[in-house]
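Enquirer: What follows is a single structure, and I will ask about it in a moment.
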Amino acid sequence: SDAICSFVICNDSSLRSQPIIFNPDFFVEKLRHEKPEVFTELVVSNITRLIDLPGAELAQLMGEEDPKLPGANSTASGFFRSLMSLKRKEKGVVFGSPLTEEGIAQVSQLIEYLHKNLRAEGLFRVPGNSIRQQILKDALNSGTDIDLDSGEFHSNDVATLLKMFLGELPEPLLTHKHFHAHLKIADLTLFDEKGNKTSTPDKERQIEALQLLFLILPAPNRSLLKLLLDLLYQTAKKQDKNKMSAHNLALMFAPHILWPRNVSTNDLQENITKLNNGVTFMIKHSQKLFKAPAYIRECARLHYLGSRAHTSKDDLDLLTSGSKELQPLKSQKRSRLDTCHQEETQQRTEEALKELFRHVNNMPDSAKKKKLIRQFNKHRTALTPGSEVPTSPAPRRTRSRSFSGLIKRKVLGTPVILERKSRDTTPEPERISKENVHLLQKCGSPAHMCQAKLKSLEGRKEESCRRMRTRLLSKDSSSL
């Protein structure tokens, strides 16, 4: 049976590295066991979205009315039904009795043995030995231990006994309540571009409908059905050895799995092809049919972990197949997590930068401190936009330049400087020494500085000429 996962806290460090087994249907199973009415209403509401069930058939599916089956009103069927009920009273605790966990445990021995002997040709079609079958049947009814690997029994004996067990159940494995729903699932076909039905089966919708129907089966029926379909699936995979395809196996097991009890082939003449094809479809897709659809898992999870109301598949905007996960919900959750993570990371970074800056600011004055502060000033944007650095930038050291070099740059480099000023709207002011600053303030501009220098040079030349004249006159006077 489907087990509900239990969560435990593991304190053993050696086991923490082991892979964790996660059951995606955990909340589905929890809801089905704890609140079966809520679970059934959720599943049936989605079944009616896929298939059209009239009021009477819906009431039968919900168990509110007794199922009306083909041939139920005939006299012959009533006679056969009473005869079979008398036979079942003479049976043991396994064969002919309602399905129980004890009966499943006994029959599972047969299924396990057949998994090891799937290569036998004509498996489930070739009958076994009736004497060996009766011995094995009595042993299963009495609950005695059986060693099927001893070689006493043949695989055909075990396969025939398994079919006998299913045939003697009071009702088919898929129950009478689900009979009409399975007929409607067989009619699910694709639509063309104009919206008209075609003859092509809609496999995705059929898988989804079967997944929902299997969820509301009784727990023993669902457990045995899962074991049986898996066995038939593995048998069909080896049809090159045993000559048993999925369709051949469906012909063998459809009367036991899906056909109503005590009806003749005439009663099912119109639907016998649908029923056989339905069992063939179940065998081929058995590995997908016992997984709850994604929207059912999400609704069950929200029932226990969230406050949102139960929604159907249409409300969650999922694909028809139901195989994909809830991508819109995942993307919204991922975006919210990413935003929170980014905000938290940015906040931690800002706090760390502030703490680092306080540490640097409290350091004693040194060249290293000034260098670190300059680096902080260059990358001020790393801090919070509203935060202010409580320090002033360190003053830059100005380079001393000679006065003659300044005049040469100003006089000879004036066209270059003017051209640069025309290109750059905010040129960087040149750094000059304190003496040159005072001289510029007195002269006012580089042109005035040049004129003042020339005047001083002319004055010096005139003074030297006057002194030379005075010396020459003094020499001439002395000679005379």
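Enquirer: Among the listed residues 204, 168, which satisfies the condition of being in contact with a Phe, Trp or Tyr (Cβ under 6 Å, 6 or more places away or on another chain) and surrounded by fewer than 20 Cβ atoms within 10 Å (Cβ to Cβ)?
Expert: Values: 204 fails: in contact with a Phe, Trp or Tyr (Cβ under 6 Å, 6 or more places away or on another chain).
Answer to the check: 168.
Enquirer: Moving on to the next point. Within region 132-144, can one find any residue that is farther than 28 Å from residue 219 by Cβ and surrounded by fewer than 17 Cβ atoms within 10 Å (Cβ to Cβ)? Write out each step before concluding.
Expert: Of the residues in region 132-144, the ones farther than 28 Å from residue 219 by Cβ are 132-135.
With the extra rule that they be surrounded by fewer than 17 Cβ atoms within 10 Å (Cβ to Cβ), the set shrinks to 134-135.
Yes, region 132-144 contains a residue that is farther than 28 Å from residue 219 by Cβ and surrounded by fewer than 17 Cβ atoms within 10 Å (Cβ to Cβ).
Enquirer: If we keep just the residues of region 38-71 that are under 25 Å from residue 265 (Cβ atoms) and open to solvent by 60 Å² or more (accessible area, probe 1.4 Å), which is modelled with the lowest pLDDT?
Expert: The selected residue is 68.
Enquirer: Test residue 221 against the criterion of being within 27 Å of residue 61 (Cα to Cα) and in contact with a helix residue (DSSP H, G or I) (Cβ under 6 Å, 6 or more places away or on another chain), and give yes or no. Spell out how you get there, then give the answer.
Expert: Values: within 27 Å of residue 61 (Cα to Cα): yes; in contact with a helix residue (DSSP H, G or I) (Cβ under 6 Å, 6 or more places away or on another chain): no.
No.
Enquirer: Being in a helix (DSSP H, G or I) and crowded, with 20+ Cβ neighbours inside 10 Å: is that true of residue 124 here? Break it down into steps so the answer makes sense when it comes.
Expert: Details: in a helix (DSSP H, G or I): no; crowded, with 20+ Cβ neighbours inside 10 Å: yes.
In short, no.
Enquirer: Given (1) in a loop (DSSP other than H, G, I, E, B); (2) among the hydrophobic types (A, V, I, L, M, F, W, C); (3) more than 25 Å from residue 222 (Cβ to Cβ); (4) under 45 Å from the mean Cα position of the chain (by Cα), where does residue 190 come up short, assuming only one miss?
Expert: The one condition residue 190 does not meet is (1).
Enquirer: Scan region 201-212 and tell me whether some residue there is outside any helix (DSSP H, G or I) and either without any contact (Cβ under 8 Å) to a residue 60 or more places away in the chain or not basic (Lys, Arg) (or both). Reasoning before the result, please.
Expert: Filtering region 201-212 for residues outside any helix (DSSP H, G or I) gives 201-202.
From what is left, the residues that are either without any contact (Cβ under 8 Å) to a residue 60 or more places away in the chain or not basic (Lys, Arg) (or both) are 201-202.
Checked against the condition, which is being outside any helix (DSSP H, G or I) and either without any contact (Cβ under 8 Å) to a residue 60 or more places away in the chain or not basic (Lys, Arg) (or both), region 201-212 yields at least one hit.
Enquirer: Right, here's the next one. Among the numbered criteria (1) of a type in the set (Gly, Ala, Ser); (2) more than 27 Å from residue 26 (Cα to Cα); (3) in a loop (DSSP other than H, G, I, E, B); (4) under 36 Å from the mean Cα position of the chain (by Cα), which one does residue 292 miss?
Expert: Checking residue 292 against (1) of a type in the set (Gly, Ala, Ser); (2) more than 27 Å from residue 26 (Cα to Cα); (3) in a loop (DSSP other than H, G, I, E, B); (4) under 36 Å from the mean Cα position of the chain (by Cα), the one that fails is (2).
Enquirer: Show the residue pairs meeting these rules: Cβ distance below 6 Å; 6+ apart or different chains; first residue within region 38-49 and under 13 Å from residue 185 (Cβ atoms); second residue in a helix (DSSP H, G or I).
Expert: Note: pairs meeting the criteria are 47/212.
Enquirer: Return the residues of region 91-118 that are in a helix (DSSP H, G or I), in contact (Cβ under 8 Å) with a residue 60 or more places away in the chain and open to solvent by 30 Å² or more (accessible area, probe 1.4 Å); say none if nothing qualifies.
Expert: Result: 101, 108, 115.
Enquirer: Test residue 203 against the criterion of being farther than 27 Å from residue 114 by Cβ and either of a type outside the set (A, V, I, L, M) or at pLDDT below 95 (or both), and give yes or no.
Expert: Details: farther than 27 Å from residue 114 by Cβ: yes; either of a type outside the set (A, V, I, L, M) or at pLDDT below 95 (or both): yes.
Judged against the criteria, residue 203 is a match.
Enquirer: Test residue 188 against the stated conditions and say whether it is closer than 26 Å to residue 102 by Cα, open to solvent by less than 30 Å² (accessible area, probe 1.4 Å) and touching a residue at least 60 places away in the same chain (Cβ under 8 Å). Write out each step before concluding.
Expert: Numbers: closer than 26 Å to residue 102 by Cα: no; open to solvent by less than 30 Å² (accessible area, probe 1.4 Å): yes; touching a residue at least 60 places away in the same chain (Cβ under 8 Å): yes.
The answer is no for residue 188.
Enquirer: Got a number for residues in region 238-270 being within 19 Å of residue 119 (Cβ to Cβ), in contact (Cβ under 8 Å) with a residue 60 or more places away in the chain, open to solvent by 10 Å² or more (accessible area, probe 1.4 Å) and assigned to a helix (DSSP H, G or I)?
Expert: The number of residues fulfilling the criteria is 3.
Enquirer: Anything in region 149-161 that is surrounded by fewer than 20 Cβ atoms within 10 Å (Cβ to Cβ) and either part of a helix (DSSP H, G or I) or in contact with a Gly (Cβ under 9 Å, 6 or more places away or on another chain) (or both)? List them, or say none.
Expert: First, the residues of region 149-161 that are surrounded by fewer than 20 Cβ atoms within 10 Å (Cβ to Cβ): 149-152, 154.
Of everything in region 149-161, those that are surrounded by fewer than 20 Cβ atoms within 10 Å (Cβ to Cβ) and either part of a helix (DSSP H, G or I) or in contact with a Gly (Cβ under 9 Å, 6 or more places away or on another chain) (or both) turn out to be 149, 150, 154.
The values are calculated or read from the model by the stated rules, or taken from the named source; none is laboratory data. It should be emphasised that the depicted structure is a prediction, and the values quoted were computed from it without experimental measurement. We place every Cβ from the backbone using ideal geometry, glycine too, and count neighbours over all the protein chains shown. We work out accessible area using only protein heavy atoms, side chains counted, and drop any ligands, DNA or RNA first. Shrake-Rupley method; radii C 1.70, N 1.55, O 1.52, S 1.80 Å.
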